[in-house]
Amino acid sequence: MLSATAPTTAQGAELSAAARSVSTVEDEVARFEQALRDLELCDASSVTLTQCATPAREAALVRELSKRARDRGWVTARLSLEEMSLAALHELVAVLLDALVPARETRVAGILGLLDEFHARHGRKSLDRFDEATGEFDASGDLTALCRAYLAAEDDAHREVRAFDAWARGVELKGRAVAEVRSVLGPHTAQRVFGELTRLVRALGYKGLLVLLHDGGALTLRTQRQREKSYTVLRELVDNFDSGRGAVCTRIVITGDERLFQGPRSIRTLTPLLTRLEVPSPAEPPPPHRAWTQLIKDPYEYVHRRPRSPELTRPVTLRSLVRVSQGLPPTEAVTSMSVGHERIDRVVDRLFAHSEMAGSVFQVLVGDYGSGKTHLLMHLAERALSQGHPVFWLNLERMNLDLGNPQRHLSRLLDHSVLPKRGRPSALQRASVWTRSPAKLRALRTTLEEIALGTSAEAIAAKKALLIADAAKDPGKALENFLRAEDLARKSSGTSYRQDAYRRLLLWLELLARLEGCSGPVLLIDEAENLYTTGLSQAARRSALRTLSFYCGGSLPGACVVLAMTPPAYAELRKEANTLLRELKELASTLDGEDPALFRRRLSRLEPEVVPPFSRGMRLELIDRVVSAHRAVRGPVEIEQWPEIARAAAREARSPRELVRRLMDELESAWWAGA
């Protein structure tokens, strides 16, 4: 049966004491192939880091993984971190577009080379096939428009190639170089373009995309600021698997020597990235979707089954397994691997009922770090979507503490939204749909004209949108850019820009109601404790409260706003909110929609919803749910020491997510070992 101890090898006791999640090149390739088979079936994405003892071992692994993926029909890209700055995600995506190698080929072709192969296969029907395939795989956006223009070119496509190169460099296209391109590849579009690329790869007939980032040890030789940027880019890349804009059917492999994994310059210096990639259990051999492995040279005592494709009728179950293994909460069927949501369900019912009657409702979800706040927010989001409510996420990470400036976070709020429609698109994806079809553009303009007849804030925004469209050579492009609100992200904290952001958000809600039949919005603000744990000044917190007085003060019609934070942060908020909100009420710069007085009254009367304690009974129930979920994917798995393993995990886990990930890792390891 499965052993939970590190293997003993000829390399001595030092490795036995230090090594965890060990593998050989041969076994890593097998683990990799099983992961690809899983991802092909459920359209999920995963990431893995592999520590290599020598450059030769790293090169051998990268070579074998590339070959295995291409033989299975995957597009690959190998990028050396020794040769790249890795300072920004959009720069990485630009390089990636030129580094793509088609399946069963060895020469770099880039995205345009993939299009040439597609044209060679389909000939005169290429454009029709492309439109059908991009519709099937939900590929839409600027990159898709550029690819379509390249396929549609009747000559040598020099104009389209120049347009693609300029767009990838962040240069705005002049005139009507490619009519459907609305922005450029840059910091605000990089994640969206990467997700779009993964869908295009599928639409072009390939099984998936493998991204290999090797020579990771070179990152540790850079300055502290450069390392921070590089590790932040890695985090953005590996966390790009959520919402409608995220990556699909993608495997990201990052390799490097010990310097990347250990020491004061390693990835351990960025805690959020380390938490995402940590080894969740001591089980060996490493299962297919574990995010961290270490190569060793000598054989060891563990064996694994042969890779095989799962036999599933519902890919969602496997997709949840992959996400849990990767340290991410499931976004579908959330209750299948969660507990304590019954109480939250009652809260959700009450919130939705009150929002319909009172115009809007505000609640605070309080819980310690790791108590499962985000998991419960995910469940709330799932409930909201099932009832026709669009969900808007605002995560107050350390990198994105701009709550006090709505003009700077509006575009991100729209990008991280989820609409209750097929494929769960974001609001920005819907803007593309509304403005790139002549019929839908006419419907959008008609709706804007109807809204503009009023005198409300959204009516003012609608009038501005129509003026911009009437003055533009390409009204569709002008309207999409206006709705994207990317122009506001670089604006100052001036009153007029805040007002503009609020008006555009209200216009969005009205458009979603009229064009898509959406109910009132749900706004989820996560990690709000960062307002008090990151050294933010009192003036900055006052600005944040000013924005919250708009979001939570009743200005969003039919809205349900939930703020998640830790108990100490909530206590600090209650302590200073009364004074700061009184100050805001007296400031001339406070806008009409920002209602500090109403927000202050709501806060004073609020009874926060406390995350249910992670009790022993809940832990035992969660263990049963994890076992059932795993059995639904892999079949029955027997582990002789399972009672001891489960008891230890239940006793030691600090949060529901940690327990779920640890148990799933144990079960996956046992299954991979042949149990």
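The values are calculated or read from the model by the stated rules, or taken from the named source; none is laboratory data. No experiment lies behind these values; they were computed from the predicted model shown. Cβ atoms come from the backbone with ideal geometry, glycine included; neighbour counts cover every protein chain shown.
Structure above, values below:
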read-out	value
The stretch 643-661: number of residues that are part of a helix (DSSP H, G or I), in contact (Cβ under 8 Å) with a residue 60 or more places away in the chain and either of a type in the set (G, A, S) or surrounded by fewer than 23 Cβ atoms within 10 Å (Cβ to Cβ) (or both)	4
D470 being outside the structural domain of C560 (by TED's automatic domain parsing), free of Cβ contacts under 8 Å to residues at least 60 places away in the same chain and of a type outside the set (A, V, I, L, M)	yes
Test for G617: is it free of Cβ contacts under 8 Å to residues at least 24 places away in the same chain and either part of a helix (DSSP H, G or I) or in the same structural domain as P567 (by TED's automatic domain parsing) (or both)	yes
Meets criteria (within 23 Å of the chain's Cα centre (by Cα), closer than 30 Å to A30 by Cα and at pLDDT 70 or above) for P315	yes
F137 being in the same structural domain as Q224 (by TED's automatic domain parsing), at pLDDT 95 or above and not acidic (D, E)	no
Residue in the stretch 129-139 that is within 30 Å of K473 (Cβ to Cβ), in contact with a Ser or Thr (Cβ under 9 Å, 6 or more places away or on another chain) and among the acidic types (D, E) present	no
Criterion (surrounded by fewer than 16 Cβ atoms within 10 Å (Cβ to Cβ) and not acidic (D, E)) met by exactly one of T271, T250	T271
Residue list for the stretch 585-613, filter: in a loop (DSSP other than H, G, I, E, B) and either in contact with a strand residue (DSSP E or B) (Cβ under 7 Å, 6 or more places away or on another chain) or surrounded by fewer than 16 Cβ atoms within 10 Å (Cβ to Cβ) (or both)	L587, A588, S589, D592, L606, E607, P608, V611, P613
Tally of residues being among the acidic types (D, E) and either farther than 27 Å from V171 by Cα or not in a helix (DSSP H, G or I) (or both) across the stretch 88-116	1
Count of residues meeting criterion [within 25 Å of A53 (Cβ to Cβ), among the hydrophobic types (A, V, I, L, M, F, W, C) and in a loop (DSSP other than H, G, I, E, B)] in the stretch 270-325	6
Single match in E640, E666 (criterion: part of a loop (DSSP other than H, G, I, E, B) and of a type in the set (D, E, K, R))	E640
Some residue of the stretch 106-126 being over 21 Å from A44 (Cα atoms), among the polar types (S, T, N, Q) and in contact (Cβ under 8 Å) with a residue 40 or more places away in the chain	no
Extreme residue, farthest from L394 (Cα to Cα), among residues of the stretch 417-443 that are basic (K, R) and without any contact (Cβ under 8 Å) to a residue 12 or more places away in the chain	R442
Sole exception among (1) at pLDDT below 90; (2) surrounded by fewer than 24 Cβ atoms within 10 Å (Cβ to Cβ) for D500, by number	(1)
Criterion: surrounded by 16 or more Cβ atoms within 10 Å (Cβ to Cβ), out of contact with any His (no Cβ under 8 Å at 6 or more places or on another chain) and hydrophobic (A, V, I, L, M, F, W, C) - qualifying residue of L467, L448, L403, L394	L448
Residue in the stretch 112-119 that is within 30 Å of R259 (Cα to Cα) and of a type outside the set (A, V, I, L, M, F, W, C) present	no
In the stretch 117-164, the residues that are more than 23 Å from R192 (Cβ to Cβ) and not in a helix (DSSP H, G or I)	A153, E154, D155, D156, A157
Some residue of the stretch 658-666 being outside the structural domain of A35 (by TED's automatic domain parsing), of a type in the set (D, E, K, R), closer than 22 Å to R319 by Cα and modelled with pLDDT under 90	yes
Filtered residue count, the stretch 84-103, keeping only those that are surrounded by fewer than 20 Cβ atoms within 10 Å (Cβ to Cβ) and modelled with pLDDT under 95	4
Residues of the stretch 455-500 classified as outside any helix (DSSP H, G or I) and either touching a helix residue (DSSP H, G or I) at 6+ places or on another chain (Cβ under 9 Å) or of a type in the set (K, R) (or both), total	8
Counted residues, the stretch 202-246 - those being basic (K, R), within 22 Å of V75 (Cβ to Cβ) and at pLDDT 85 or above	2
Given (1) surrounded by 22 or more Cβ atoms within 10 Å (Cβ to Cβ); (2) out of contact with any strand residue (DSSP E or B) (no Cβ under 6 Å at 6 or more places or on another chain), index of the condition S417 fails	(2)
Search result, residues across the stretch 346-369 that are in contact with a Ser or Thr (Cβ under 9 Å, 6 or more places away or on another chain), surrounded by fewer than 15 Cβ atoms within 10 Å (Cβ to Cβ) and at pLDDT below 75	E356
